[in-house]
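Asker: A single structure is presented below for examination.
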Amino acid sequence: MPDPDHARSLWDAEAATFDDEPDHGLGDHETRDAWRALLLSVLPPAPARIADLGCGTGTLAVLLAAEGYAVDGLDVSPEMVARARAKAAAARVPVRARVGDANAPGLDPASYDVVLSRHVLWAMDDPPDALGRWVDLLRPGGRLVLIEGSWSTGAGITRQEAAALVLGTGRHAEVLPLPEPVYWGKAITDDRYLVVSRS
């Protein structure tokens, strides 16, 4: 099993420069607007409650809180969580961000309308088990929104594998390819996509 202290140290070290990637910091207004429109198109209306697992520096959590959602962010890295809290404070939006492991979130079961994760499922110790715990967080009728990719480096998870994991929980899975450069701040050659499961 991966060492959680190693993962924490790794992501703590990445925190200072994490937002330099256009899709991480959403500093460009076109990229930010594209993500806002995409997410709002697959989420239930605000003020739905969202668990953002592996929230990183809180960019998506803050984006969605500004739209009226109630967002709880969770990340293994204290440095990432500190930046998420600072970002929420600067934007004057109520995001509850805390340190925790997305493998076993430790959040209240059946208490969320949405479980959101971005580039997290592929890195779980046991993705089927982790996904099962994520599903347990959902209220009846809740939905999963998973942003994932199969990268040219060989890391990640294919869209077929991600969909199969969701189907394995007994839920529907809809895959939306995301090849457009506006989401990433550049043209991409790997396969990036969103999986949404509404029931």
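Asker: Scanning for something modelled with pLDDT under 95, surrounded by fewer than 16 Cβ atoms within 10 Å (Cβ to Cβ) and not in a strand (DSSP E or B), does the stretch 117-125 turn up at least one residue?
Answerer: yes
Asker: Restricting the search to the stretch 182-199, which residues are over 21 Å from P44 (Cα atoms) and either part of a strand (DSSP E or B) or among the basic types (K, R) (or both)?
Answerer: Scanning the stretch 182-199 gives K186, D191, R192.
Asker: Go through the residues of the stretch 150-159 one by one and say whether even a single one is within 13 Å of A51 (Cβ to Cβ) and either acidic (D, E) or in contact (Cβ under 8 Å) with a residue 40 or more places away in the chain (or both).
Answerer: Scanning the stretch 150-159 turns up no residue that is within 13 Å of A51 (Cβ to Cβ) and either acidic (D, E) or in contact (Cβ under 8 Å) with a residue 40 or more places away in the chain (or both).
Asker: Within the stretch 128-170, which residues are part of a strand (DSSP E or B) and either of a type in the set (A, V, I, L, M, F, W, C) or under 24 Å from A46 (Cα atoms) (or both)?
Answerer: L138, R139, P140, G141, G142, R143, L144, V145, L146, I147, E148
Asker: Could you check how many residues of the stretch 103-116 are touching a residue at least 40 places away in the same chain (Cβ under 8 Å), over 18 Å from V196 (Cα atoms) and buried (at least 16 other Cβ atoms within 10 Å of the Cβ)?
Answerer: So the count comes out to 2.
So that you can scan it fast, the table gives a plain yes or no per residue for (1) assigned to a strand (DSSP E or B); (2) modelled with pLDDT of 90 or more; (3) β-branched (V, I, T); (4) more than 17 Å from the chain's Cα centre (by Cα):
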| residue | (1), (2), (3), (4) |
| --- | --- |
| D5 | no, no, no, yes |
| F18 | no, no, no, no |
| H24 | no, yes, no, no |
| R32 | no, yes, no, no |
| A37 | no, yes, no, no |
| P44 | no, yes, no, no |
| T57 | no, yes, yes, no |
| A61 | no, yes, no, no |
| E67 | no, yes, no, no |
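Asker: Let me ask something else about it. Among residues belonging to the stretch 20-44 that are surrounded by fewer than 18 Cβ atoms within 10 Å (Cβ to Cβ) and acidic (D, E), point out the one that is farthest from D75 (Cα to Cα).
Answerer: Looking at the filtered set, the residue picked out is E30.
Asker: So V175 ticks every box in (1) of a type in the set (A, V, I, L, M, F, W, C); (2) part of a strand (DSSP E or B); (3) crowded, with 17+ Cβ neighbours inside 10 Å but one. Which box is left unticked?
Answerer: (3)
Asker: Another question, if that's okay. Please go through (1) surrounded by 16 or more Cβ atoms within 10 Å (Cβ to Cβ); (2) closer than 24 Å to S9 by Cβ; (3) of a type outside the set (V, I, T) for G154 and return the number of the only condition it doesn't satisfy.
Answerer: Single failed check for G154: (1).
Asker: Take the residues in the stretch 180-193 that are closer than 28 Å to A48 by Cα and out of contact with any helix residue (DSSP H, G or I) (no Cβ under 7 Å at 6 or more places or on another chain); name whichever of them is surrounded by the fewest Cβ atoms within 10 Å (Cβ to Cβ).
Answerer: E180
The values are calculated or read from the model by the stated rules, or taken from the named source; none is laboratory data. Everything numeric here is computed off the predicted structure, so don't read it as measured data. With ideal geometry, Cβ positions are generated from the backbone for all residues, glycine too; neighbour counts draw on all protein chains shown.
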